[in-house]
Amino acid sequence: MPARSEQDASVNEVHVIDIEDNIDKPAVIDVEDNANMKTNGSLGTTTKAKPVNIGEIVEKARDAFNRGITKPIEWRRRQLKNLLRMYEENYNVMVEVLQKDLRRSKTEAVLLEVDYLINDLKNTLHYLDEWVKPEHPPKTFVNMLDEVVIYNDPYGLVLIIGAWNYPLQLLLLPMAGAIAAGNAVIIKPSELATACARFVADTLPKYLDNDAILVLEGGPEETTELLTHKFDYIFYTGGTNVGRIVYSAATKNLTPVTLELGGKSPTYIDNTVDIEVTTKRILWGKFINVGQTCIAPDYILCTKEVQDKFVECAKKILREWYGEDPQKSPDLCRIINSRHFSRLQSLIDASKDKIAIGGRSDPQDRYISPTIITNVTPADKIMEDEIFGPILPIVPVENAYEAIKFINAREKPLVLYVFTNNDDVRRSITDNTSSGGMCINDTMMLMGVDTLPFGGVGNSGLGAYHGKASFDTFTHKKSCLVKNFAAIGEKLASGRYPPYTEGKLSFISALMRKRHGPSLKYLPYVITFALGASLAYGITVWQKMGSEDL
């Protein structure tokens, strides 16, 4: 289940540069002092990233695409099969590096990243032949004798910038889509997830084409320089602020982008639900990866009566899941670094008088207990930005109408969760709000449906992927009209040639007029048959007349 950091895929903090004043300059990206360090194999031990010539890497990958290496479907299938083999042969290693970076439990590592990658890749391999085939859209009357076709062309050289909160899935899943579409790819892992970045850099070249699929490690300097180079497509996962910088850099070359960002995803609960099941589903979506998930429920909207029932259920459920002391539970992740911990701690400190559950923390362990804050107001600090941690505020509202007004007064969320058994309430919220996606009576589970494109809208993102949508994201739909030199077609179209007359104009206008009758799919065959039958009949009559003359 994909998710993203509200901070950044490869950086934590940015200074946005005015595009007009700095159109030829990269954005300056500022991060923590050790953000450009990488692991040498043990968690917490880092070494300076080796200097690389980014220009040479970009040109190497572009040359591979220009030489046509990536376009044959045989090459694509071979790379994807090798990638699947990499996942299967390094299954336990992937679990281990996720544990090192995020103290991720095996269950969450497998469900949210390793198996998720494997299942998505198997689906891509199964449908690859079907997806790459040219498409033949319906034809109109004027083109009944022509071939109308859409070719699925790769864009060229693709840059994919991953995120630290799901450091394997959010990097490798879009990469697989780019490969399936026939592109050359440069991937940039997040330097904050050091063990995962090192795993990708060391392992991927052993399985994939080193000319066309390249890994670039590094921190803000490397990311900044990358954005000065021309790419044919950029796929970025991270926070909205840095997303704007990536978008600004892309505009220099009119490069298309997908921006998988984030935002405050609301959850509405009414009084018709099974409160125990509802509480379990919301808490699970909130506290997996200790809330460091872009589609985690960010806050709850409900009546005070529902709030009280939810809190009582949550106390019991959290005790069952994590025990009396959640810090000792092997199933609770840790905050990625001290900077994020301090940010979350400040939110807890600002809400101390409203904490109903949790609120405990340990800076040495980067541990924050599952925390629920009640009776939150729109003006509270916790409601300013995406939380991206194990803190769940509840904002009391009177009804669904008030919840809709609250949601619409803010930026469009990445996902909107609604818990209700009332069809009118569900339709009202669906019809009167805008969000990247919706999930009714559950959280997160929409990510497991590969036929649902995943992406944001407005401040929460641009573009979508997953399943076939990943292939389509990295595919240019090249339209093509194929005409022949048949005499009848030329005769019908001859009215377009000068000298122009009213008669020609009327005839061409009649041909081009939109008609929405029966399908014209088989009309060329019918016309051909009719012409053939007429010709045969004419020959028969001619022969008969000739024999009578004799």
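Read-outs: derived from the displayed coordinates by stated rules, not from any lab. Being a predicted model, the structure only gives us computed values, none of them experimental. Positions of Cβ are backbone-derived with ideal geometry, glycine not excepted, and every protein chain shown enters the neighbour counts.
Remarks
- Scoring 269-276, 185-192 by mean Cβ neighbours within 10 Å over their residues and listing the highest first yields 185-192, 269-276.
- Sequence of Lys315, Lys477 once ranked by neighbouring C-beta atoms within 10 Å, starting from the fewest: Lys477, Lys315
- Here the residues Ile295, Ile372, ranked from fewest to most Cβ neighbours within 10 Å of their Cβ, fall in the order Ile372, Ile295.
- In terms of its alpha-carbon gyration tensor, the range 407-467 comes out oblate; a/c meets the 1.5 threshold, while b/c is at least as large as a/b.
- Pairs beyond 22 Å (Cα-Cα), from Lys122/Lys264; Lys133/Lys206; Lys315/Lys412; Lys230/Lys264; Lys139/Lys478; Lys106/Lys315: Lys122/Lys264; Lys133/Lys206; Lys315/Lys412; Lys230/Lys264; Lys106/Lys315
- Scanning residues 5 or more positions from Ser190 or on other chains, those with amide H under 5 Å from its amide H are Gly162, Ala163, with H placed 1.01 Å from N in the peptide plane.
- Going from the fewest other Cβ atoms within 10 Å to the most, the residues Lys309, Lys514, Lys478 appear in the order Lys514, Lys478, Lys309.
- Radius of gyration and maximum dimension Dmax of the range 266-451, Cα, Å: 15.7, 49
- Each peptide among 428-437, 220-229 gets the average number of other Cβ atoms lying within 10 Å of its residues, and from highest to lowest they stand as 220-229, 428-437.
- The amide H of Ala356, built 1.01 Å from its N in the peptide plane, has Ile372, Ile373, Thr374 as neighbours under 5 Å, considering only residues 5 or more places off or on other chains.
- Once you divide the Cα radius of gyration of the range 278-383 by 2.2 N^0.38 Å, the number left is 1.03.
- Global geometry of the range 105-249, whether rounded, prolate or oblate, following the gyration tensor of its Cα atoms and the 1.5 cut on a/c: prolate
- Placed amide H near Tyr268: partners under 5 Å, 5+ positions off or other chain: Leu301, Tyr417, Val418, Phe419
- Local net charge near Ser435, Cβ-Cβ under 13 Å (Lys/Arg +1, Asp/Glu -1): 0
- By average C-beta atoms within 10 angstrom, highest first, the peptides 171-181, 482-492, 65-75: 171-181, 65-75, 482-492
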